[in-house]
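Structure, as structure tokens:
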Amino acid sequence: MNLHPMKLVTIVCEAYAAEPVLRLLGEVGAAGHTAFPVEGSGARGRRLADIPEYANTQIEVICRPEVAAVLLERLAGELFPRYGMVAYESDVRVLRPGKF
Amino acid sequence: MSEALLANLLSPAVLFFALGLVAALVRSELKFPEPLYSALTIYLLVAIGFKGGVAMTEAGLGRIWLPALAAIGLGAFIPLWTYPVLRWGGRLAPVDAAAIAAHYGSVSAVTFLAATNYLTAIGRSYESHAVALLAVMESPAILVGVILGKRALGPRGGVPVPLGLIVREALFGRSIFLLLGALVVGALCGPAGMRKVEPFFVTPFQGVLSLFLLEMGIVAGRRLEDLRRVGPFLLAFGVIVPVVNGLLGVLVGQAAGLSLGGGMLLGVLAASASYIAAPAAVRLALPEANPTLSLTSALAVTFPFNLTLGIPLFDAWAGYLYF
């Protein structure tokens, strides 16, 4: 099977940050994403997801390596100072590279 | 007073809230699915907004503008006096003081609902259109608090945030949009529309409120362990400031021509602290502020206080003032 290398960028952020993150995805040219509500704990304590506004959102986006680099850089520069969030990238392989 | 206090403490709404607190404290598995929480919120806001809108057509706008102006003024004034108290009394960082001041000037819809529930239970009449006061009192304090915080952060103003976003969040957050929308729908429908939806929006209201307060008890209870992190000053602040604001609110309500029940409701609004609208707007506009401080004191201290003791207290104060 012919698989093509791509980057998966995962962003876990407070729900308030979801909208600016999605806007940023559009600006850097990442096509498509998946978002879902999550709960858990981190360096700054628990994040209870009992009220939607207080919840965390996990956003996943698959994109080309050069897009992932720009995305992470802009996340760190523009949104990390403002919101509680973590972001990381990992290597994935996809079947249809044209989609990303 | 003690009779009214007991009646309030033994009402289904307050007892279910207490049950939720207990569930959280004993770490029960009890948990509401998130969509149910959202559904109950929508129901309560639409029901109260619609009822208020219908009442507005009956009362006419002439009766509402002065109390509404008073509510807006009160909302804007509360952060102005609480900010210095937090800043110098509590030695809090300027941006935290501004954030907390915004929360306390803004209002809690559920506290308001519980107060109307209380008035109904003791058979005291009130202006149903007072819900318009709830709608207009949500935003002014948020805007004042944000301005205080931005000024305190100095000329750089901390992390830059587009002003349009802040105003949109303060004026058109989910709850205020629904509440104002339902007010308009109710005002357009009038009493004839009310007869059509009464079995759904009025009769089950107390039951839905009780269910919602059970969930709020769990939500508040799960944050009780954060109390250790906010310190004794904010604990005291979370009880004393609502009392001062509540007494002031009833005075202002009386001066603005509200009835005894309506004045008591304005007192409750002044005493309440926002834990939905204000956190969202403040998080956006003042990301440097520590959200644990404002949210814990509003949700785990002030909300339970108002629900149990504050409401009968402000009613007793209103009774004293009006006679």
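Readers should treat all values here as calculations from the given coordinates under stated rules, not as data from a laboratory. Predicted, not measured: the structure shown is a model, and the values here were computed from it. Heads up, the Cβs are rebuilt from the backbone with ideal geometry, glycines too, and the neighbour counts pull from every protein chain shown.
Any residue in the range B:308-317 that is within 14 Å of chain A (Cβ to nearest Cβ) and more than 24 Å from B:Tyr83 (Cβ to Cβ)?
Checking the range B:308-317: not a single residue is within 14 Å of chain A (Cβ to nearest Cβ) and more than 24 Å from B:Tyr83 (Cβ to Cβ).
Any chance the range B:1-13 includes a residue that's among the acidic types (Asp, Glu) and either in contact with a Phe, Trp or Tyr (Cβ under 8 Å, 6 or more places away or on another chain) or under 25 Å from B:Asp315 (Cα atoms) (or both)?
Of the residues in the range B:1-13, the ones among the acidic types (Asp, Glu) are B:3.
Next, from what is left, pick out any that are either in contact with a Phe, Trp or Tyr (Cβ under 8 Å, 6 or more places away or on another chain) or under 25 Å from B:Asp315 (Cα atoms) (or both): B:3.
Within the range B:1-13, one or more residues are among the acidic types (Asp, Glu) and either in contact with a Phe, Trp or Tyr (Cβ under 8 Å, 6 or more places away or on another chain) or under 25 Å from B:Asp315 (Cα atoms) (or both).
Could you check the range B:51-138 for helices (runs of 4 or more DSSP H) lying wholly inside it with 1 or more residues that are among the charged types (D, E, K, R)?
Numbers: elements: B:65-84, B:94-105, B:109-121, B:131-136.
Once the helices (runs of 4 or more DSSP H) in the range B:51-138 are filtered for at least 1 residues that are among the charged types (D, E, K, R), what remains is B:94-105.
Regarding A:Lys7, is this residue charged (D, E, K, R), buried (at least 19 other Cβ atoms within 10 Å of the Cβ) and away from chain B (no Cβ under 14 Å)?
yes
Mind checking whether some residue in the range A:54-71 is surrounded by fewer than 14 Cβ atoms within 10 Å (Cβ to Cβ) and part of a helix (DSSP H, G or I)? Don't jump to the end; show me each part of the working.
Going residue by residue through the range A:54-71, those that are surrounded by fewer than 14 Cβ atoms within 10 Å (Cβ to Cβ) are A:65-66.
Applying the additional criterion that residues be part of a helix (DSSP H, G or I) yields A:65-66.
Yes; the residues of the range A:54-71 include at least one that is surrounded by fewer than 14 Cβ atoms within 10 Å (Cβ to Cβ) and part of a helix (DSSP H, G or I).
Which residues, counting only those in the range B:47-62, are in contact with a Cys (Cβ under 9 Å, 6 or more places away or on another chain) and either among the charged types (D, E, K, R) or surrounded by fewer than 22 Cβ atoms within 10 Å (Cβ to Cβ) (or both)? Break it down stepwise before answering.
First, pick out the residues of the range B:47-62 that are in contact with a Cys (Cβ under 9 Å, 6 or more places away or on another chain): B:50, B:53-54, B:57.
Residue satisfying the conditions is B:Thr57 alone.
Looking at this structure, is A:Ala31 more than 14 Å from chain B (Cβ to nearest Cβ), assigned to a helix (DSSP H, G or I) and touching a strand residue (DSSP E or B) at 6+ places or on another chain (Cβ under 9 Å)?
Values: more than 14 Å from chain B (Cβ to nearest Cβ): yes; assigned to a helix (DSSP H, G or I): no; touching a strand residue (DSSP E or B) at 6+ places or on another chain (Cβ under 9 Å): yes.
For A:Ala31, the condition - more than 14 Å from chain B (Cβ to nearest Cβ), assigned to a helix (DSSP H, G or I) and touching a strand residue (DSSP E or B) at 6+ places or on another chain (Cβ under 9 Å) - is not met.
Is there a residue in the range B:312-320 that is without any contact (Cβ under 8 Å) to a residue 60 or more places away in the chain, surrounded by fewer than 23 Cβ atoms within 10 Å (Cβ to Cβ) and at negative phi? Even if it seems obvious, please write down each step before you answer.
Of all residues in the range B:312-320, those without any contact (Cβ under 8 Å) to a residue 60 or more places away in the chain come to B:319-320.
With the extra rule that they be surrounded by fewer than 23 Cβ atoms within 10 Å (Cβ to Cβ), the set shrinks to B:319-320.
Filter once more, keeping what is at negative phi: B:319-320.
Yes: one or more hits.
Which of the helices (runs of 4 or more DSSP H) found entirely inside the range B:260-302 contain at least 1 residues meeting this: buried (at least 24 other Cβ atoms within 10 Å of the Cβ), within 14 Å of chain A (Cβ to nearest Cβ) and of a type in the set (Gly, Ala, Ser)? Even if it seems obvious, please write down each step before you answer.
Details: elements: B:260-271, B:277-285, B:291-296.
Counting at least 1 such residues, we get B:277-285, B:291-296.
This table checks each residue for (1) touching a residue at least 12 places away in the same chain (Cβ under 8 Å); (2) more than 14 Å from every other protein chain (Cβ to nearest Cβ); (3) farther than 26 Å from B:Val243 by Cα.
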| position | (1), (2), (3) |
| --- | --- |
| B:Val14 | yes, yes, no |
| B:Pro33 | no, no, yes |
| B:Tyr43 | yes, yes, yes |
| B:Ile48 | yes, yes, no |
| B:Glu58 | yes, yes, yes |
| B:Gly75 | yes, yes, no |
| B:Thr82 | yes, yes, no |
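Taking A:Lys99 as meeting all but one of (1) touching a residue at least 24 places away in the same chain (Cβ under 8 Å); (2) touching a helix residue (DSSP H, G or I) at 6+ places or on another chain (Cβ under 8 Å), write down the number of the exception.
That leaves (2) as the condition not met.
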